[in-house]
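Everything on this sheet refers to the single structure shown next.
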Amino acid sequence: MLAISQECMDGQFGLAVPLLRFRMVESVHAPSESELVARLRARDESAFVELINRYHGQLLRLAGAFVASSNVAEEVVQDTWVAVLDGLDTFEERSSLKTWIFRILSNRAKTRGVREKRSVPFSSFNEGASSDEPAVDPAQFAADGHWASAIRPWNEDTPDKLLSTHESVARLHLAIESLPANQRAVVTLRDVEGLESEEVCEMLGVTEANQRVLLHRARTYLRTVLDEYVDRR
Amino acid sequence: MLTCQQLAELVTEYLDGSMPLVKRAQFQMHIGICKNCRAYLQQMKMTVRTLGHLPADPVAEMSPETKAELLQRLRSMGTKK
């Protein structure tokens, strides 16, 4: 069975696409973005369903970082899909389809978040991202700046183990949910969704420096959460 | 020379690949001689890797009504010439 990696299909391997589209009988064929765009422009409904299946969950999670309730998050995502349809024919493919969709969502979610008076108004998105306060608990260090107690490496198979245990996955989701909205948005886009730094700055309207501080705080916290679940060597 | 506490605050910048050369050299020098910081960096890398493979929340499905509405909207759009 030939399985084509998602990364391969989403890449700009324009010339390789016809080859990759050759179907093996039992293969899992994940359409590339360009294929999806073409099919959408031809009003292919299955392409739109594919798009929804691919991104709806992620969009909901991201929307949840900005707005107060899951109902509002659903509305925001629904508005996003409508905007995607409306903007389909003028989408210039200068960015990836995914980035474009997420950008639409981000803008809508922020506006809605402001209207819903969620904890972080848009204008203060950069606040709380000052690099003056350390992200790592100072209590972990001795007076001379060394670690107060030994830090031991995690086992190599730690990510796999964490991801295959329902409890630790749920705990990680919860931990992400508990982050301040701005940190949650950044770590979701950068680390969970794997978007590039520049894209994320553009989507969220933050500076590179602020984004990094937010990401640092989020990751520092999440590491301590995972540490609870990790086997020691 | 960086302290462990200073290094811990620089981990994200380091992993981003955006650290200036001299600072990066200092960072790497410290990592080279400090077992604890080496372990901390490894843990942070694994945290990022874990996040990257987080399975999607199973509850986040679009309602059939919403899906139908959106498909109807697609259907009612004329084809781009």
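So the values come out like this:
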{"read-out": "Condition check for residue A:107: within 15 Å of residue A:200 (Cβ to Cβ), more than 11 Å from chain B (Cβ to nearest Cβ), modelled with pLDDT under 90 and open to solvent by 40 Å² or more (accessible area, probe 1.4 Å)", "value": "yes"}
{"read-out": "Residues located in region A:134-159, provided they are open to solvent by less than 60 Å² (accessible area, probe 1.4 Å) and assigned to a loop (DSSP other than H, G, I, E, B)", "value": "A:135, A:136, A:142, A:145, A:151, A:153, A:155"}
{"read-out": "Test result for residue A:95, of a type in the set (Gly, Ala, Ser), in contact (Cβ under 8 Å) with a residue 24 or more places away in the chain and open to solvent by 20 Å² or more (accessible area, probe 1.4 Å)", "value": "yes"}
{"read-out": "Residue within region A:196-208 that is in contact with a Leu (Cβ under 9 Å, 6 or more places away or on another chain) and facing chain B (nearest Cβ under 9 Å) present", "value": "yes"}
{"read-out": "Helices (runs of 4 or more DSSP H) enclosed by chain B - at least 2 residues per element that are more than 21 Å from the chain's Cα centre (by Cα) and within 9 Å of chain A (Cβ to nearest Cβ)", "value": "B:4-16, B:35-52, B:64-76"}
{"read-out": "Residue A:188 vs. criteria at the interface with another protein chain (Cβ under 9 Å from one of its Cβ atoms), assigned to a helix (DSSP H, G or I) and out of contact with any Asp or Glu (no Cβ under 9 Å at 6 or more places or on another chain)", "value": "yes"}
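The values are calculated or read from the model by the stated rules, or taken from the named source; none is laboratory data. Just so it is clear, the structure is predicted and the values come from calculations on it, not from any experiment. Note that we place each Cβ from the backbone using ideal geometry, even for glycine, and neighbour counts take in every protein chain shown. Protein only, heavy atoms only, side chains kept; ligands, DNA and RNA dropped before computing areas. Shrake-Rupley method; radii C 1.70, N 1.55, O 1.52, S 1.80 Å.
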